[in-house]
Structures are given as C-alpha cells and as structure tokens.
Amino acid sequence: MITLPDLRSNTALLKLDLYCKGIRLDESCLVEEDGGRKILRTRAGLGSGLEVILPGDLWTNVPVTEHFAASSPYTLHREAGRYLLRWHGQDVTAVTLSPRPGWCDRATSTGKPMTRIGTLQGTYLGIYQAKVCEYWTAKPAKTNCKFCSVGLNLGLDDADDKSIDEVMEVVRAAREESGITYVDFNTGHYEGDTYLDILEPFIVRIKRELGLLVGVQTPPHRDLRRYDHLREIGVNRVSFCFEIFDRRLFEEICPGKHAEYGLDHYLEAVRYCATLGRKGPRGEPWVTNGEIIAGLEPPESSIRAIDWITSVGAVPTVCVFRPLTGTDLQRAQPPETEEMVPIFRRLFEACMEKGLPIGVAPNVHVSLVMLPEECRPFSPHRYPLQTLKLRAMAKVFGRRFHRRLERTGAEALVAQEGSRYAGSDRDSHPQE
Ligand code: SF4
C-alpha cells in the first residue's frame with residue numbers, strides 16, 4: 001500500500017506510480033504558456049503525456065489523455081508561478097515543466113515544423129524515420145502490435161518523409177539550443193529489412209559532422225553481420241523491442257513480429273549484438289538493449305526477461321504498459337504500481353550484479369522509461385564497488401565525449417553544455 005510519506009521520500013516510486021495512474025491537470029495549469037512541452041498524441045509510439053522533471057532530476061512523461069488518468073489521485077496545480085503535485089488533495093512535491101526550446105516552435109528551411117522531424121524525449125532527440133511500420137498496412141488484415149500507436153500517429157505528429165538535410169537541421173538546432181548529446185532513430189518493419197539501409201546515411205552524417213551519440217531501434221535484421229557494420233560506423237546503441245518474454249502472449253499481442261521474425265530471432269539479435277562491444281572503433285561506447293513492456297505479461301515473466309537479457313550482457317529497457325487512446329488495447333487497465341516494484345528492483349539489481357554500464361552516458365535523461373540506475377531506491381543493496389566503477393566510467397566517458405565534440409568543431413557547445421548540465425549522467429530509451 002503506497003502512502004504519502006513514501007511518495008514524498010522516494011521519487012523513483014513517484015515516477016513509477018505516475019506512469020501507472022496518470023495525472024489530472026487543474027484549470028490553473030498553463031503548460032505551454034509557461035514554456036512547457038506540448039502534449040503530443042504520442043512519442044515513439046508509447047507516451048502521450050506531460051513532460052515534467054521530478055525532484056532528483058528524474059525526467060518523466062505522465063499520462064494525461066488516456067482513460068485511466070481521468071480517475072487519477074494525482075492532480076497538478078499552478079500556484080504562485082510554481083507547479084505543485086498533489087495526491088488525494090495533499091501536497092507531494094513541486095515539479096518543473098520540461099523546457100520547450102525555441103526550435104520546437106520553428107519550421108525547417110523546407111517549411112516543415114521541426115517537431116514533425118524529431119521530438120525531445122527527456123533530454124535526447126527521438127526520430128521516427130521513414131514511413132509507417134508495414135504491420136499497420138498489412139493485407140488482408142493489420143498485424144500491428146496491439147499496444148502501439150505509431151500507425152495512428154504518423155502524418156499528424158510526425159512527418160512521413162524526412163530528408164537527410166531536414167534531419168540534420170533539426171539535430172543541429174536540438175544540439176545548439178537543447179544541448180542534446182544523443183539521437184535515437186526508430187523505425188518499424190519494412191519488407192526486405194530495408195530499415196538499416198535507410199538509417200545508415202543519417203548516422204554517418206551525424207557522427208561525422210556533430211560527433212553525437214547515436215542509437216538505432218529497429219526490428220532485428222535477418223543478417224546479423226549488419227550490426228558489425230553499425231558498430232564500425234560508430235553507432236553507440238542498438239535496441240530490440242521484443243516487448244514480451246511469454247511466448248503465447250508475444251504471439252497474441254505482437255502478431256507481426258511473431259510472423260515476420262519470431263521471438264527467437266529477437267533474442268538471438270540481442271545476444272549477438274551484446275558480443276560486439278569488444279570490437280569496433282576505440283572510444284565509441286556500445287550498448288545493446290532488449291526492451292520489454294511491464295504490465296503486458298505476469299511480473300514473473302518480466303523478471304525472467306530481465307534475467308535473460310542481463311545474462312547475455314545486454315541492458316534491459318523496461319517500459320510500463322500504457323493503454324494509449326485509439327490502440328487495440330485502449331480499454332485495458334494499466335498495471336498496478338505494487339506489481340511493478342519487484343520488476344524494477346530486479347532491473348537495478350540484475351544490472352549491478354552483471355556489472356553492466358548503466359548511467360554513464362552524458363546528459364541522457366529519459367522520460368518514457370524508468371532507467372535501471374533510477375531504480376536504486378527499490379533495492380536494499382548498495383553495490384559499493386560497482387557504484388564506484390560506474391562513477392569512474394561516467395567521468396572517463398564524459399571526458400572522451402567532450403574531447404570528441406571539440407574535434408568535430410563544437411567547442412562553443414561544449415562550454416554551453418558544461419554549464420547547463422554539469423553533473424548529469426543517464427542512459428536509456430524508448431520503444432519502437
Ligand atoms: S513493430 Fe514497432 S512500430 Fe510496428 S506495430 Fe509493432 S511496436 Fe508498432
């Protein structure tokens with residue numbers, strides 16, 4: 001049973017509970033007028049909510065428009081210019097609106113709104129590249145994943161045709177004005193496994209011209225050697241969203257993924273890519289993520305998935321199921337927070353036990369998921385040696401990254417970032 005003192009003292013629990021319950025906005029709130037981000041119908045096919053920063057620098061995206069948010073115990077109020085979060089009418093904490101930089105209100109030189117090219121998710125730039133996932137247009141019947149909103153969204157919040165120059169213009173603006181360090185590309189399934197061919201020219205330009213960290217989230221290519229090439233061109237993260245570890249539920253909820261690739265190929269891609277860290281350009285970090293959605297299968301199954309992913313050297317990304325409006329699962333209930341806590345506790349503990357590099361990327365705060373390192377308050381274990389090692393890694397990596405930015409001619413931005421984001425280090429990600 002969650003209590004007010006729990007919520008006040010444990011911001012990780014608050015972040016998790018807000019995912020599960022959503023929030024109601026009081027009439028006093030003036031989110032956009034106060035410089036906050038617009039509530040999009042969706043972000044990366046998953047989130048649709050209000051972007052705020054909780055105490056402890058926890059960035060989050062809180063459900064607002066989904067049915068369950070209408071009965072949430074949480075309300076947000078604007079008082080004396082501050083935003084206050086209440087639970088059953090009692091003050092929990094003040095929160096900060098995630099800032100909306102100027103570029104979010106501008107168009108590219110080709111006339112497209114920049115937010116239709118890419119959106120800020122926490123502190124990184126997410127780009128859903130290319131056309132809609134073909135599971136949404138499959139004949140004779142759609143085979144899209146039942147929780148997914150990507151096919152509802154394209155053409156509304158996302159542009160379906162994005163040239164390299166348009167993307168570069170938005171990445172530069174996000175780098176200069178928002179201090180982003182990481183760009184995340186996301187695609188659905190395309191016949192012929194063309195997603196990596198589509199993304200590679202974008203990746204090469206970003207690495208060469210800006211030196212930023214780049215990640216790729218696509219289905220698992222049938223030729224796994226393609227990931228050796230991604231490693232060679234400097235990609236820093238690959239993520240495979242198999243969502244569900246329970247085979248029967250995977251088939252039922254993700255029919256397209258099941259028919260096209262199958263759960264075993266997803267797992268093999270995770271396992272294969274996790275071995276590539278030893279190869280590739282020196283100084284380019286590499287992480288492999290296996291992504292699941294907690295709340296779509298029994299908690300024990302999610303925990304089994306976490307244990308399997310970490311056993312092969314990959315880092316789990318664990319989303320909380322959100323029944324998005326308009327999706328096949330829109331009438332489903334979100335999971336109970338109490339059922340989620342053991343999953344996120346295991347997420348932290350398994351990563352620490354396996355010595356995985358969590359929380360070492362500079363200035364990567366993620367609003368759509370609980371990052372493994374954010375789940376530390378759920379565990380009674382402190383892992384002092386591993387904690388020291390991770391701090392040292394974060395320092396070394398941060399120094400190297402800034403040197404690289406200098407080499408790519410971004411000295412002015414380094415100074416800007418150093419003052420704006422001193423001391424922050426996070427890592428992780430959204431979903432296809
Ligand atoms: S593969 Fe990804 S984009 Fe396509 S339906 Fe499933 S979750 Fe949505």
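Miscellaneous remarks
- Condition broken by VAL270, with the remaining ones in (1) under 30 Å from HIS402 (Cα atoms); (2) out of contact with any helix residue (DSSP H, G or I) (no Cβ under 9 Å at 6 or more places or on another chain) satisfied: (2)
- Out of ALA294, ALA361, ALA392, sole residue that is of a type in the set (Gly, Ala, Ser) and closer than 22 Å to ASP246 by Cα: ALA294
- Residue pairs meeting the criteria (Cβ under 7 Å; at least 6 apart or on separate chains; first under 13 Å from CYS133 (Cα atoms) and within 14 Å of the ligand (Cβ to nearest atom), in segment 186-203; second among the basic types (Lys, Arg) and not in a helix (DSSP H, G or I)): ASP193/ARG222
Here's the yes/no breakdown for (1) at pLDDT below 95; (2) more than 11 Å from ILE343 (Cβ to Cβ); (3) part of a helix (DSSP H, G or I):
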position	(1), (2), (3)
CYS273	no, yes, yes
PRO281	yes, yes, no
PRO285	yes, yes, no
THR288	no, yes, no
GLU291	no, yes, no
LEU296	no, yes, no
SER301	no, no, yes
TRP308	no, yes, yes
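- Segment 248-284, residues that are open to solvent by 30 Å² or more (accessible area, probe 1.4 Å), away from the ligand (no atom under 16 Å from the Cβ) and farther than 19 Å from TYR182 by Cβ: ARG248, ASP264, GLU268, ARG271, TYR272, THR275, ARG278, LYS279, ARG282
- Scope segment 359-391; condition open to solvent by 50 Å² or more (accessible area, probe 1.4 Å) and in a helix (DSSP H, G or I); matching residues: ARG376, PRO377, PRO384, LEU385, LEU388, LYS389, ARG391
- Subset tally (residues that are within 19 Å of TYR135 (Cβ to Cβ) and either away from the ligand (no atom under 15 Å from the Cβ) or open to solvent by 10 Å² or more (accessible area, probe 1.4 Å) (or both)) for segment 222-247: 2
- Of the residues examined, MET393 is not one that is aliphatic (A, V, I, L, M) and under 16 Å from ILE293 (Cα atoms).
- Complete set of residues in segment 337-358 that are over 15 Å from VAL318 (Cα atoms) and not in a helix (DSSP H, G or I): LYS354, GLY355, LEU356, PRO357
- When GLU232, GLU251 are screened for being free of Cβ contacts under 8 Å to residues at least 60 places away in the same chain and in contact with a His (Cβ under 8 Å, 6 or more places away or on another chain), only GLU251 passes.
- Condition check for GLY126: farther than 18 Å from GLY35 by Cβ and crowded, with 16+ Cβ neighbours inside 10 Å: yes
- Test result for GLU134, open to solvent by 20 Å² or more (accessible area, probe 1.4 Å), within 16 Å of the ligand (Cβ to nearest atom) and acidic (Asp, Glu): yes
- For segment 189-238, a residue qualifies if it is over 22 Å from the mean Cα position of the chain (by Cα) and among the polar types (S, T, N, Q), and exactly one does: THR194.
- Test: residue in segment 140-161 that is charged (D, E, K, R), under 23 Å from VAL366 (Cβ atoms), within 16 Å of the ligand (Cβ to nearest atom) and modelled with pLDDT under 95: yes
The values are calculated or read from the model by the stated rules, or taken from the named source; none is laboratory data. Quantities reported herein were computed from a predicted structural model and do not represent experimental measurements. Glycine gets a Cβ as well: all are built from the backbone with ideal geometry, and neighbour counts include every protein chain shown. To get the accessible areas, we keep the full protein, side chains included, count just its heavy atoms, and leave off ligands, DNA and RNA. Shrake-Rupley method; radii C 1.70, N 1.55, O 1.52, S 1.80 Å.
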